[in-house]
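A.B. asks: One structure coming up, written as C-alpha cells, with questions to follow.
The values are calculated or read from the model by the stated rules, or taken from the named source; none is laboratory data. Note that the coordinates shown come from a computational prediction; the quantities given were computed from them, not determined experimentally. Note that each Cβ is placed from the backbone with ideal geometry, even for glycine, and that neighbours are counted across all protein chains shown.
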C-alpha cells in the first residue's frame, strides 16, 4: 500500500496573482467558476475569513470537519494546516464562488484604534464554527467584485479601507465573531515542546513557531536552545531529515512526496540538506536500500 502524501502549500504566499487583491501584505482572494470536486492541503500563514457565496467548501482540521455552504462563513486561525474539498453544486450549475480574507495582526490593531470599541478581557478561542452571512456583508462582498477585474488599477489605501470596512460589517453582523477575530492578535504563551512536535512536519518557519508559542522570535530561539541544547533551525532540519530517511527507505512514496511530507517546501532544498547530512543524494540512498533488500 502506498502512503498518501499531500503538499501543504503556504497561503496566501502560494496564491496566483489572478483573483487577488494585495496591499502591503493585506490580501483578499476571490474565486468564481465552474468546479467539480477539488481537494488539497494548505498551511495558513495568516488568519483567514472564508466566505462562500455559491457551492460548498469543506474544511478538515485535525479530527473535525466543517462544511461551509452558500452565504456562510468560517474563521480559521493562522499557523494551522487544513485539508479542503470544494465544489459547485448541481442545482446552481456547479458554480463555486467564494472569497478568502487574510487578516494580519497589524490590520486588527488598526481597527481597534479607530473603532472606539471598549477593551475586552481575553477570552478562550471558541471552537471553530460556521456563521451566516447577512445582507450587509453580501452587499459589501458585491462591492469588491469589480475590483478583481482590474486589481492593478486599485490604489493600495482603498484595499486597506475595504478590509477595515469588512471588520465594521462583521461588528454589525455578529459581535461574537468579531471578538473572536480580535482575540487572534493576543496569542498566549504555549509550551514550546508541544508546539514544535505538533508542527514538526508542517511547512512552518521559525517565525511561525514563535507566533504559535506566543513568543517573539528571539525569545523562542533562546528558550528552544535551553530545552534542546541545539539551535532551533538545526534541530528541526535534522528531525525532518531523519523522518524523511525513514519514509524513503520503508515506504513506496516518491522522493518528491517524501520532501513535502516532512515539511520541506521544495525538492532542491530537500536534496541539498539530505546530501549534506547523509553524504549521498536521496535517490542514491533509495537505490542502495532497494539493492540490499533485493
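A.B. asks: With 143, 115, 92 as the choices, which residue is in contact (Cβ under 8 Å) with a residue 24 or more places away in the chain and over 27 Å from residue 211 (Cβ atoms)?
C.D. replies: When all the criteria are applied, what remains is 92.
A.B. asks: Further question on the same structure: Being within 23 Å of residue 160 (Cα to Cα) and part of a helix (DSSP H, G or I) is the filter here; which residues of region 88-119 pass it?
C.D. replies: Hits for region 88-119 are 105, 106, 107, 108, 109, 110, 111, 112, 113, 114, 115.
A.B. asks: Give me a count of the residues in region 127-162 that are in contact with a helix residue (DSSP H, G or I) (Cβ under 6 Å, 6 or more places away or on another chain) and in a helix (DSSP H, G or I).
C.D. replies: Residues meeting the conditions: 3.
A.B. asks: A further question on this structure: Can you go through 257, 230 and tell me which one is in a loop (DSSP other than H, G, I, E, B), out of contact with any strand residue (DSSP E or B) (no Cβ under 7 Å at 6 or more places or on another chain) and not assigned by TED's automatic domain parsing to the domain that holds residue 41?
C.D. replies: Going through 257, 230 in turn, just one is in a loop (DSSP other than H, G, I, E, B), out of contact with any strand residue (DSSP E or B) (no Cβ under 7 Å at 6 or more places or on another chain) and not assigned by TED's automatic domain parsing to the domain that holds residue 41: 230.
A.B. asks: On the basis of being under 14 Å from residue 75 (Cβ atoms) and at pLDDT below 85, does residue 129 make the cut?
C.D. replies: Against the criterion (under 14 Å from residue 75 (Cβ atoms) and at pLDDT below 85), residue 129 qualifies.
For every residue, the table says whether it meets (1) outside any strand (DSSP E or B); (2) at pLDDT below 90; (3) outside the structural domain of residue 170 (by TED's automatic domain parsing); (4) touching a helix residue (DSSP H, G or I) at 6+ places or on another chain (Cβ under 9 Å).
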site	(1), (2), (3), (4)
49	no, no, no, yes
59	no, no, no, no
73	no, no, no, yes
79	yes, yes, no, yes
86	no, no, no, no
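A.B. asks: Quick one: in region 138-160, of everything that is at pLDDT 90 or above and loosely packed, with under 13 Cβ neighbours inside 10 Å, which residue is farthest from residue 69 (Cα to Cα)?
C.D. replies: 143
A.B. asks: Still on this structure: Quick check on region 208-216. Is at least one of its residues surrounded by fewer than 20 Cβ atoms within 10 Å (Cβ to Cβ), in contact with a helix residue (DSSP H, G or I) (Cβ under 7 Å, 6 or more places away or on another chain) and in contact (Cβ under 8 Å) with a residue 24 or more places away in the chain?
C.D. replies: So far as region 208-216 goes, no, none of its residues is surrounded by fewer than 20 Cβ atoms within 10 Å (Cβ to Cβ), in contact with a helix residue (DSSP H, G or I) (Cβ under 7 Å, 6 or more places away or on another chain) and in contact (Cβ under 8 Å) with a residue 24 or more places away in the chain.
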